[in-house]
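The values are calculated or read from the model by the stated rules, or taken from the named source; none is laboratory data. In this text the structure is predicted, and so the values were computed from the model without any measurement. We place every Cβ from the backbone using ideal geometry, glycine too, and count neighbours over all the protein chains shown. When the accessible area is computed, the model is the full protein with side chains, heavy atoms only, and any ligands, DNA or RNA have been set aside. Shrake-Rupley method; radii C 1.70, N 1.55, O 1.52, S 1.80 Å.
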Amino acid sequence: MLNSSKSRLGVIRAEPEPIKLDLSSTALVIIDMQRDFMEPGGFGETLGNDVSQLARAVKPIGAVLEAARDTGMLVIHTREGHLPDLSDAPPAKVERGAPSLRIGDPGPMGRILIRGEAGHDIIPELYPLDSEVVIDKPGKGAFYATELSEVLERYGIENLLVCGVTTEVCVNTTVREANDRGYRCIVISDGCASYFPEFHEMGLKMIKAQGGIFGWVADSVAVLEAMRGSAAGE
Ligand code: C5J
């Protein structure tokens, strides 16, 4: 059940400074925790990446997801992918680079990055409940060509706890889109990961620099403290 009527204030120990939030108008947004990015044989690996780099984000996300479910917070999962006929996949994206398999090609988890295929689905550890929102997106940002804005407006959401993969690509793009739309974004540092640890670090720095030019950064422990504290009425 969603806790939307009563405000529930929480303070998150974040950088560049602590942020006080009404957790009843806050959603958890989990970006692209799909087999295609996380497992061998998927889109991420076709690009030459070491997918084991992303595993570290699963546990912290799982802990925040459990707290969100316990406290009735709106949970939104996103999935990057394309229609089977590739009508929403720009040729400039499909033709880019020299991957071992291109978007739409058959791979060990079905067609690469295609909706409905096994590889496109979310990993079992973080699988959405039927009651949770799943946004399918053709791009890196979760607002472009999706219904995300309408969903957030419908639930009266003003703040986003953002995590997922990869830090500098889909997490950063979504946070920038959200920031321009007026949302306060708190990025969960250990709930994000990149194939390139140095991009992860820089991706987080870019968000919190200049007084938090795109948002705030906090680890999962700080986020959980605020969520659990507010649930206990502190
Ligand atoms: C990428 C994503 N890296 N979810 N997608 O292509 O970050």
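In the stretch 26-45, the residue that is farthest from Leu74 (Cα to Cα) out of those that are in a helix (DSSP H, G or I) and open to solvent by 10 Å² or more (accessible area, probe 1.4 Å) is Glu45.
Exactly one residue out of Val64, Val94, Val29 is without any contact (Cβ under 8 Å) to a residue 60 or more places away in the chain and at negative phi: that is Val94.
One line per residue, one yes/no per condition, for (1) over 24 Å from Val217 (Cβ atoms); (2) assigned to a strand (DSSP E or B); (3) within 12 Å of the ligand (Cβ to nearest atom):
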| site | (1), (2), (3) |
| --- | --- |
| Asn49 | no, no, yes |
| Val58 | no, no, no |
| Gly62 | no, no, no |
| Val75 | no, yes, no |
| Pro84 | yes, no, no |
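Would you mention how many residues in the stretch 199-233 are at pLDDT 95 or above, of a type in the set (D, E, K, R) and under 14 Å from Arg13 (Cα atoms)? Give the steps one after another, and end with the answer.
Narrowing the stretch 199-233 to residues at pLDDT 95 or above: 199-227.
Add one more test, that the residue is of a type in the set (D, E, K, R), and what stays is 201, 205, 208, 219, 225.
Retained after the next criterion (residues that are under 14 Å from Arg13 (Cα atoms)): 208, 219, 225.
Total satisfying the criteria: 3.
The single condition from (1) within 16 Å of the ligand (Cβ to nearest atom); (2) touching a strand residue (DSSP E or B) at 6+ places or on another chain (Cβ under 6 Å); (3) closer than 28 Å to Tyr183 by Cα; (4) of a type in the set (A, V, I, L, M, F, W, C) that Leu101 fails is (3). When the stretch 87-130 is filtered for residues that are in a helix (DSSP H, G or I) and open to solvent by 20 Å² or more (accessible area, probe 1.4 Å), the ones remaining, listed by number, are Pro91, Ala92, Lys93, Val94, Ala118, Pro124, Glu125. Only a single item in (1) touching a helix residue (DSSP H, G or I) at 6+ places or on another chain (Cβ under 9 Å); (2) assigned to a loop (DSSP other than H, G, I, E, B); (3) open to solvent by 40 Å² or more (accessible area, probe 1.4 Å) is not met by Val11, and it is number (2). Annotation: Glu153 fulfils all but one of (1) acidic (Asp, Glu); (2) more than 29 Å from Asn49 (Cβ to Cβ); (3) within 14 Å of the ligand (Cβ to nearest atom); the unmet one is (3).
Scan the stretch 80-94 and give yes if some residue there is in contact with a His (Cβ under 6 Å, 6 or more places away or on another chain) and under 19 Å from Tyr127 (Cα atoms), otherwise no.
Of the residues in the stretch 80-94, the ones in contact with a His (Cβ under 6 Å, 6 or more places away or on another chain) are 81, 88-89.
Subset that is under 19 Å from Tyr127 (Cα atoms): 81.
Yes, the stretch 80-94 contains at least one residue that is in contact with a His (Cβ under 6 Å, 6 or more places away or on another chain) and under 19 Å from Tyr127 (Cα atoms).
Got a number for residues in the stretch 37-47 being of a type in the set (Gly, Ala, Ser) and within 10 Å of the ligand (Cβ to nearest atom)? Looking only at that region, the number is 1.
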